[in-house]
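Right, one structure below, let's go through it.
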Amino acid sequence: MSNEEEQLDLLERLREQVKLGGGQKRIDAQHGRGKLTARERLHLLLDEDSFEEFDQLVLLSGTEFAGDNIRSEAVVTGWGKIEGRPVYVFSQDFTVVGGSLSEPMAQKIIKVMDLAMKNGAPVIGLNDGGGARIQEGVASLAGYGDIFLGNVLASGVIPQISVIMGPAAGGAVYSPALTDFIFMTKGTSQMYLTGPDVIKSVTGEDVTHEELGGAMAHATRSGVCHFAIEGEEECLQEVRRLVTFLPLNNAEDPPLMETGDDPDRRDEDLLRIVPADPSKSYDMREVIYRVMDAGDFMEVQEHFAQNMIVGFARMAGRTVGIVGNQPLYLAGVLDIDSSRKAARFVRFCDAFNIPIVTFVDVPGFLPGTAQEYGGIIIHGAKLVYAYAEATVPKVTIIVRKAYGGAYDAMGSKHLRADVNYAWPTAEIAVMGADPAVNIIHRAELAKGKNVEKRRQQLVKEYKEQFANPYIAASHGYIDDVIDPRNTRVRVIRALEMLRNKADTTPPKKHGNIPL
Ligand code: HXC
């Protein structure tokens, strides 16, 4: 073997050794748990043959270069492509010291985050590790702190996506929490600040890892998880799908994707979705599917605060953010969780130049002590703040009810929405007919005879007078009352009109959103 051949041979053996991570036995154990390795995951996430790795030869903390018998750190980092567009990635390797975070590992992660920021492309982190490397002490905590800072500085500049594919315990959960979207695999991932053993010793509660921090716990109860997906392969495919909706950074427009759906398509079914009886519910998704391109809608936080729908779709090939009340759950009422959910989504869209299309059917804010003591005043204000602050194109369609403060909050003209339409079925008023009549005519209804008949007559009069879109239209708060069948074409034209929209907010360091 020539000298050059020997050198190349050593390099090849080093690479082979590094690729084994914590060794074949641990790889087998990882597979045995129904999990893939860090490298297998990147292979599924990225376009074929697009991965360029960095820092493959950063050695495991505490080890030294020893010929071809080296061990590398517990994360694989680099960049690759999704549908031909660049993304930066890191993938924790559970087979190496349980994927726990050491200082050199943190430096590898920060290197890709810095490159992503300089080059304006998303960062996707695949998380599978035991948190701070205990043997490293404060150096590991410093590593986490540096990553948190990187997350915060990148927030609103490049999309950041976290995928939880194993344990994420302790402070390790805060990096994902600082990013824009969290995916979790069902049954194989858990996130929590303190695990079941600590909980048992402190509060006496018995809870399993899965009940405490599994994908569905966070998808349904805490709202921490945006996408809970069965199976790693499916999960990584969904990450790819999300990326196709997003711009690479905050200076870019969202990508244009030809969907083949006619922008002038009318939809006859839209006339039949809203029931004649205003107390009956229907699925707002039926409206969304028919208005968007090719019925393609990627719902975000599908299982959390289901009285609010948020997600991404395309109109005439361009990404839009959809916000909609869902009459199927709690009559589409605004409460703490749904306000938080929609507010965060609206802010993401605004940060990344994604126009917002809002479908309104809201009976108001949810009354009750649980809501008041839980701070609905502050949380509802988040939604008002988010809509008012957003300078992206905003188009709102009132499908049915828009009552009270919820009328204002849900993308109204008053919060600088650009184009506001209403269907003829819209009811825009301070409150619904029954409570309104009970309040305005309390004295009369309290003493009169044949009260019920009179009450019904007053309700009918109130509905004729107030429960329609025409008073709002007469003030110019509604730009037009539209034929529901034309909703798609009218929204697409509005978005076309708003393509070059430029709007500003008074100069400030930053606002003080009611957190
Ligand atoms: C060092 C760790 C480790 C850690 C796991 N390992 N976590 N080594 N530091 N944090 C090692 C184990 O010793 C083991 O090594 C190997 O990884 C695999 O772990 P197992 O326990 O065998 O695996 P499993 O049974 O699947 O359990 C996985 C686990 C558990 C749930 C993650 O290991 C665990 O609870 N780890 C500790 C979690 C934790 O409390 N981390 C600190 C959180 S505080 P061997 O060689 O035996 O195979 C924190 C602070 C951050 O993160 C603060 C930032 C502000």
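The values are calculated or read from the model by the stated rules, or taken from the named source; none is laboratory data. Since the structure is predicted, the reported quantities are computational estimates derived from the model, not experimental observations. When we count neighbours, we look across all protein chains shown, and the Cβ atoms used for this are built from the backbone with ideal geometry, even at glycine.
A few points about this structure:
- Look at (1) surrounded by 23 or more Cβ atoms within 10 Å (Cβ to Cβ); (2) not in a strand (DSSP E or B) and you find that residue 168 fails only one, number (2).
For every residue, the table says whether it meets (1) under 30 Å from residue 357 (Cα atoms); (2) touching a residue at least 40 places away in the same chain (Cβ under 8 Å); (3) in a helix (DSSP H, G or I); (4) touching a Leu at 6+ places or on another chain (Cβ under 8 Å).
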| residue | (1), (2), (3), (4) |
| --- | --- |
| 420 | yes, yes, no, no |
| 431 | yes, yes, no, no |
| 437 | no, no, yes, yes |
| 444 | no, no, yes, no |
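- Test result for residue 19, farther than 30 Å from residue 153 by Cα and within 26 Å of the chain's Cα centre (by Cα): no
- Filtered residues of the stretch 151-160 (kept if assigned to a helix (DSSP H, G or I) and more than 13 Å from the ligand (Cβ to nearest atom)): 152, 153, 154
- Residue within the stretch 30-38 that is away from the ligand (no atom under 16 Å from the Cβ), modelled with pLDDT of 95 or more, surrounded by 15 or more Cβ atoms within 10 Å (Cβ to Cβ) and under 17 Å from residue 87 (Cα atoms) present: no
Per-residue answers, yes or no, for (1) exposed (fewer than 13 other Cβ atoms within 10 Å of the Cβ); (2) in contact with a Pro (Cβ under 8 Å, 6 or more places away or on another chain); (3) of a type in the set (Lys, Arg):
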position	(1), (2), (3)
452	yes, no, no
455	no, no, yes
471	no, no, no
476	yes, no, no
479	no, no, no
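- Taking (1) farther than 20 Å from residue 121 by Cα; (2) modelled with pLDDT of 95 or more; (3) surrounded by fewer than 23 Cβ atoms within 10 Å (Cβ to Cβ) in turn, residue 134 satisfies each apart from (2).
- Counted as qualifying within the stretch 59-150 are the strands (runs of 3 or more DSSP E) with 3 or more residues that are within 16 Å of the ligand (Cβ to nearest atom), namely 123-127.
- Filter pass, residue 26 being surrounded by 15 or more Cβ atoms within 10 Å (Cβ to Cβ), assigned to a helix (DSSP H, G or I) and touching a Lys or Arg at 6+ places or on another chain (Cβ under 8 Å): no
- Residues that are surrounded by 22 or more Cβ atoms within 10 Å (Cβ to Cβ) and in contact (Cβ under 8 Å) with a residue 24 or more places away in the chain number at least 3 in the following strands (runs of 3 or more DSSP E) confined to the stretch 268-353: 308-315, 318-325.
- For residue 12: the one exception among (1) in contact (Cβ under 8 Å) with a residue 24 or more places away in the chain; (2) over 34 Å from the mean Cα position of the chain (by Cα): (1)
- Taking the criterion of being of a type in the set (Lys, Arg) and within 32 Å of the chain's Cα centre (by Cα), the residues of the stretch 48-91 that qualify are 81, 85.
- Test: residue in the stretch 178-189 that is within 12 Å of the ligand (Cβ to nearest atom), within 15 Å of the chain's Cα centre (by Cα) and part of a helix (DSSP H, G or I): yes
- Among the residues of the stretch 41-58, those identified as out of contact with any Pro (no Cβ under 7 Å at 6 or more places or on another chain) and assigned to a loop (DSSP other than H, G, I, E, B) are 46, 47, 48, 49, 50, 51, 55, 56, 57.
- Taken across the stretch 353-374, residues that are closer than 20 Å to residue 253 by Cα, in contact with a strand residue (DSSP E or B) (Cβ under 8 Å, 6 or more places away or on another chain) and among the hydroxyl-bearing types (Ser, Thr, Tyr) do occur, with at least one present.
Conditions tested, residue by residue: (1) within 28 Å of residue 231 (Cα to Cα); (2) in contact (Cβ under 8 Å) with a residue 60 or more places away in the chain.
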site: 124; (1), (2): yes, yes
site: 149; (1), (2): no, no
site: 161; (1), (2): yes, yes
site: 186; (1), (2): yes, no
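- Flag if residue 194 is within 9 Å of the ligand (Cβ to nearest atom), free of Cβ contacts under 8 Å to residues at least 40 places away in the same chain and hydroxyl-bearing (Ser, Thr, Tyr): yes
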